[in-house]
Each structure stands twice: as C-alpha cells, then as structure tokens.
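What follows is a short report on a single structure.
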Amino acid sequence: MSGRLLATLCAMGLFIAVASSFAVTAGLNETRLSLSGPRKDFGTGLVPRGTQGWVSVFGCVRHDLAVVVTPGGEAFRLGSHSIDPDAGDRVFTPVTAHDDCDEDKPPQKTLALIEDDDALSNSLGRELQVAPPPVPAMIDGVIGFGAGHPKMSVRARLFFAQSGPIVGAVEPTIVKGRRPGLLWVGATTLAAGVHGYILILLLVWWVRRRIARARNAEAHDPDDPENQFFSSETI
C-alpha cells in the first residue's frame, strides 16, 4: 500500500473520529437530559447544589449586574461597552429573591446564574449602552448535561468575584430557554456516533489485512494478477 493511499485513509479516519466524538457527546447529553424527568419547579426558593436537568425558579433577574463574556474571554458589565449580538457573546445574569429587586442595593443572596443571549438583542444594552433594569420573572432552562458554555460561566464568576461577592462558585448556571429534546433524536445521534467508531475499527482492520496480503503477495509471486491487485492503490 502506497503512502498516498495510507494518508488518505488516515485523514478519512480522523474526520470520522472527530464527527463521531461530537455525535456521541451530543447524543449522550441529549438522551440523559430527556431521561432526567419532568421540570423541577423551585418557586421562589434556592436551587439546591448539584441540581441538574430542566428547572424553573421565580426570582429577580438582576440585569443591572449582568456580565457579558466574549468568546475570547473578555468580561465586562452589560451596558458598559458596545456589543455585537452575532459575535457569540453570552450574558450571565444573577437571579436573586423576587423581592430583592432594588438596583440601588446589592443583592442579599443569589439563587442562580442565568446564561442568556436575549439581553444582547435589547437596544438598551446594545445601542444605548445602558443595562436593563432588574425585573421579577420566572426563569426556565436547563442545568448541566452539556448545556451552555461552562468556560464562559467560569469567566463570569471570576469577574463577579473580583468586582464584589455577588455570585460564588456554588450557585448553578441555568441556560435560559434550553429544554429537553426528543428522546429518539438523542438516541439516534448517539447511535450514529457509535456507528462511526465501528466504521473506524473496520477501516483499521481492512488496512491491516490489505497490508498483510500485499506483503504476502510480494513474497510469493509479485507478477500474479491477484497479487498485483493487493499491491496496487485500488481501494
């Protein structure tokens, strides 16, 4: 087997491996989320540590304390800079008790952190560079299972820690608007990823078999048509 054919097969295998890994991760997370049960409603209470799945909580969304995190890791207060909604920026907003909604006072306790991009489409934050006011609201979203952007969430928490004790490391991050998908979609995606890994194993087996046959052919009768086939670049 020539080096050119081997390089082509290696590139093909690498592409299949990357695509399969993505499919397995996404499919597994979606399947687990679908099997995690119905929405957990915490009302006005604190979301317990370690909670995962589809949740809802009623509290005050403190837009006045929201932080924007860019894909490059830059963090700043919502409204302090002009932002591009299409640049992949995410907004992280603390959620406090529903009656703790005075923007002139620091929050007494944070219930959760919301990951969202809705605030980026608000003209106050995008064009006028003014953070929207805090507002009581019901928040609905997903915690865990691969939802959201964990690295950006960590960066937002670091910003909060440096600017004041508003959000700690305990409060969960709720990805607003995210909901469980269909179980069969997640299972199908997972199966497609596993199928890709099987295909890679078959490809490796075929290449090893072809190399062994080619060496055997050269050792016995290199002029035989069948041996020439196994020594050629024919896939």
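Below are the figures for this structure:
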{"item": "Computed E for Leu182/Met138 - FRET, C-beta separation, R0 41 angstrom, nearest 0.05", "result": "0.95"}
{"item": "Net charge over other residues, Cβ less than 14 angstrom from the Cβ of Pro38 (K, R count +1; D, E count -1)", "result": "+1"}
{"item": "Fewest-first ranking of Lys151, Lys105, Lys176, using other Cβ atoms within 10 Å as the exposure measure", "result": "Lys105, Lys151, Lys176"}
{"item": "Isotropic mean projected area of the C-alpha convex hull, segment 47-110 (nm²)", "result": "5.8 nm²"}
{"item": "Which of Phe58, Phe159, Phe92 has the fewest Cβ neighbours within 10 Å, and the rest in rising order", "result": "Phe58, Phe159, Phe92"}
{"item": "Separation in nanometres of the label points that stand 7 Å from Cα toward Cβ, at Ala161 and Ser21", "result": "2.8 nm"}
{"item": "Per-residue Cβ neighbour rank within 10 angstrom, fewest leading, Cys101, Cys10, Cys60", "result": "Cys10, Cys101, Cys60"}
{"item": "Gain in span if fully extended, Gln52 to Asp102, counting 0.36 nm per residue against the direct Cα distance", "result": "15.1 nm"}
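No value in this document is a laboratory result; all are computed from the given coordinates. Model, not experiment: these values are computed from the prediction. All Cβ positions, even for glycine, are placed from backbone atoms using ideal geometry, and neighbour counts span all protein chains on display.
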